[in-house]
Amino acid sequence: MSYIARMLLAALGCVFLAACATTSAAPLADAAPGQRAWVAACEGRDGWDEPGPPFHIHGSTYYVGTCGIAALLVASPDGHTLIDSGTHDGALLVYANIRALGFKPHDVKTILMSHEHFDHIGGIARLQNLTGATIVASAPAVQVLVSGRPAADDPQAASGHPPFPPATGRIEVLTDQRRAELRKRGFIALTTPGHTPGALSWTWPACEGGRCKQIVYADSLNPISAEGYRFSDRPALVAAFREGIAKVADWPCDILLAPHPAAAALRERLSGAAPLIYTGGCRAYAARASARLDARLASEAGGG
């Protein structure tokens, strides 16, 4: 799909997504204090379950995660969308942050996810129970959600990831029809496997005061694995990995976010050391991911 076509899709999503309204759905009017509070609270702290205050990003998009693990809330009068849950314990912090913003957790109708590791979805069952929301995930990720354990073909499967409570509520597979329904609400799913088999990245428009920005929540895109795993023995996975990285690099991108805030230099960008809105952010993120994958394959070729 061409860049222009992608821009048109993003604009079309703005018609349907409440986040593109000139008046934000937010109870909080001033974003800057919340951003500064998060930077101060998380200074020198990036633990997965270390609490940080929620803050406004742009339009109706909010950060509700912890110091070390992202979770995002996209508010809409038709029902809010949550992306990622954090760990099982961290989910309670996410829940508290949603409430602290003035939103009602039961208004969260959909939970999306990045990749199927316990640090990002270990609390998804807990949040589903607390909100009653429907989870939407890729087919490979669904199997992990219902088992609470990493898939056998996950590069980190043998690294000892702890199990987490399986989701028992409504889960929908991200079929073509479901993708189309989400697109009408402004959300576009980018299939980006590699870090895990079922990894997804997400993009949506967010507007306020007549300024529309395209947000990209790019998955980790990091070739980390358990001891003895070789990406070079799985050419199909490597090809899909590269294709996903290219999608992130090529997509319209004004505000880059990532499952690990530090991976997107979020603290530096919120503190003013780097711009929060930067159209080259996704290209730079993808370039680093590509370099890591190249280095990993070179290491394997050299016997590393």
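Figures for the structure shown
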item	result
For the range 243-304: Kirkwood Rh in Å [reciprocal of mean 1/r, alpha carbons]	12.7 Å
Descending Cα extents along the principal axes, the range 120-170, whole Å	32, 20, 15
Degrees, to the nearest 10: 3-16 long Cα axis against longest axis of the chain	40 degrees
Projected label distance in nm at Asp250 and Asp233, using a 7 Å step from Cα toward the beta-carbon	3.2 nm
Rh by Kirkwood over Cα pairs, then Stokes-Einstein D for the range 155-304 at 0.692 mPa s and 37 °C, µm²/s	193 µm²/s
Hull shadow area, averaged, the chain [alpha-carbon convex hull, nm²]	14.4 nm²
Between 0 and 90°, nearest 10: helix 90-100 axis offset from the chain longest Cα axis	20 degrees
More than 14 Å apart - percent of Cα-Cα pairs taken over the range 220-271	65 percent
1.4 Å probe accessible area per residue over the range 198-304, in Å²	40 Å²
Separation of the Arg283 and Asn129 label points, Cα + 7 Å toward Cβ, nm	4.7 nm
Stretch gain in nm, segment Asp46-Ile224, where the contour uses 0.36 nm per residue and the Cα spacing is subtracted	62.2 nm
At R0 = 30 Å, FRET efficiency that the Cβ-Cβ distance of Arg292 and His106 yields, to 0.05	0.15
Accessible-area value, Lys109, 1.4 Å probe, nucleic acids and ligands omitted, Å²	110 Å²
Gyration tensor (Cα) of the range 147-219, equivalent ellipsoid semi-axes in angstrom	30, 15, 12
The chain: Lys pairs at Cα distance under 23 angstrom, eight or more positions apart or on different chains	4
The range 59-187 - Debye-derived log10 I(q)/I(0), Cα point model, q = 0.18 Å⁻¹	-0.93
Simple label model, 7 Å out from Cα along Cβ direction - Val173 to Glu268, nm	4.2 nm
Nearest 10 degrees, 0 to 90: helix 32-41 Cα axis against the chain principal axis	40 degrees
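The values are calculated or read from the model by the stated rules, or taken from the named source; none is laboratory data. None of the values given here were measured: they were computed from a predicted structure. A quick note on method: Cβ atoms are made from the backbone with ideal geometry, for glycine too, and the neighbour counts reach across all protein chains shown. Only protein heavy atoms, including side chains, enter the accessible area calculation; ligands, DNA and RNA are left aside. Shrake-Rupley method; radii C 1.70, N 1.55, O 1.52, S 1.80 Å.
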